[in-house]
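See below for the structure under consideration.
Please treat every number below as a calculation from the coordinates, not as lab data. None of these values were measured; they are calculated from a predicted model. Glycine also receives a Cβ, built like all others from the backbone with ideal geometry; neighbour counts cover every protein chain displayed.
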């Protein structure tokens, strides 16, 4: 039975490692989307400056700038939705990893307890066997 407990704790340990890897992957995707969203925000700021500029060159392209700003707003909105989904995914993956880690610790605890109990029973058996020998030997 101790072997099956050890197998269970090892399996759970591997699952925790895999789950933590999935969590890191989700965090990586989230950081990429956050970075893209920051870049879009910077581009929106530049377009706003160009729209508000009094430079004749920028004034000629005001329609182009307003269309670009509209596209950037749509892209920012899309990235915001993706960011929310990824934040929820990171939270889910982290929660799963934490739960698996708790199960792994419980399995290890049970494993240690079984081993301690087995050691105690072995000591009792040895003590009882020694006591029987002493009682059965003639004086």
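Observations on the model:
- Label reach from residue 74 (point 7 Å along Cα→C-beta): in segment 10-54, amide nitrogens under 17 Å belong to 40-41, 44.
- Treating each Cα of segment 83-139 as one equal point scatterer and applying the Debye formula with no solvent, the log10 of I(q)/I(0) at q = 0.13, 0.28 Å⁻¹ comes out as -0.59, -0.99.
- Fluctuation leader among 35, 108, 20 - the chain, Gaussian network, Cα springs under 10 angstrom: 35
- Angle in degrees between helix 2-52 and the longest Cα principal axis of the chain, rounded to the nearest 10: 10
- Additional length obtainable on full extension of the chain from residue 63 to residue 34, 0.36 nm per residue less Cα span: 7.6 nm
- Max mean-square fluctuation residue, GNM over the chain, Cα-Cα springs under 10 Å, options 89, 60, 115: 60
- Result for the chain in a Gaussian network model with C-alpha springs under 10 Å: among 46, 124, 12, the largest mean-square fluctuation is at 124.
- Working from Cα pairs under 8 Å separated by at least six residues, relative contact order for segment 2-136 is 45 percent.
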